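Beneath this line is the structure, given in structure tokens, with notes to follow.
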Amino acid sequence: MRNYEIMLIFDASLEEDVIEKELQKITSIIENGKGSITDSQKWGLRKLAYPIKHRENGYYHIINFTSTETVINEIDRINKINDKLLRHLIVREEKNSKE
């Protein structure tokens with residue numbers, strides 16, 4: 001298992017409970033794939049650097065987790081067809097070479 005971080009930017013016009021439901025879908029995919037959530041941070045509503053899908057603001061959320069590559073592929077596939085998400089980015093956290 002490797003450590004990953006996913007940043008999600010949801011449409012700012014969505015209700016809070018809709019965003020929570022979408023986050024629950026992603027966390028359930030991770031947990032069903034034998035992964036675990038290590039940290040979850042709500043950044044809240046922020047102005048985007050440039051318009052995405054004609055939107056000026058987005059609701060940011062970051063999740064740190066451990067998982068396998070097959071789960072990452074499934075999360076990426078689901079997020080690409082999710083019209084409630086403006087953007088998502090999954091990165092693998094590298095181990096610090098000084099430790």
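Bear in mind that the values in this text are calculations on the coordinates, not laboratory data. Treat the numbers as computed from the prediction; the structure is a model and nothing was measured. Positions of Cβ are backbone-derived with ideal geometry, glycine not excepted, and every protein chain shown enters the neighbour counts.
Observations
- Charged side chains reduced to their Cβ positions (Lys and Arg at +1, Asp and Glu at -1) give the chain a dipole of some 280 debye around its Cα centre.
- Fully extended contour minus Cα-Cα distance, from ARG77 to ASP39, at 0.36 nm per residue: 11.5 nm
- CD proxy at 222 nm, helix term only [per DSSP H run n ≥ 4: -39500 (n - 2.57); per residue of the chain; nearest 500]: -9500 deg cm²/dmol
- Per DSSP, loop trypsin sites (Lys or Arg not before Pro) in the stretch 9-99 with at most 13 further Cβ within 10 Å: LYS34, LYS53, LYS95, LYS98
- 0 to 90° range, to nearest 10: angle between helix 16-32 axis and the chain longest Cα axis: 20 degrees
- Proximal aspartates and glutamates to LYS25, defined as alpha-carbon separation beneath 17 angstrom and excluding residues fewer than eight positions away on the same chain: GLU5, ASP11, GLU15, GLU16, ASP17, ASP39, GLU74, ASP76, ASP83
- With respect to the chain, whose longest principal axis is taken over its alpha-carbon atoms, helix 69-80 is tilted by about 10°.
- Across LYS53/LYS95; LYS47/LYS95; LYS53/LYS80; LYS21/LYS95, pairs whose alpha-carbon gap is larger than 25 Å: LYS53/LYS95; LYS47/LYS95; LYS21/LYS95
- Range of Cα positions in the chain per principal axis (Å), largest first: 40, 32, 20
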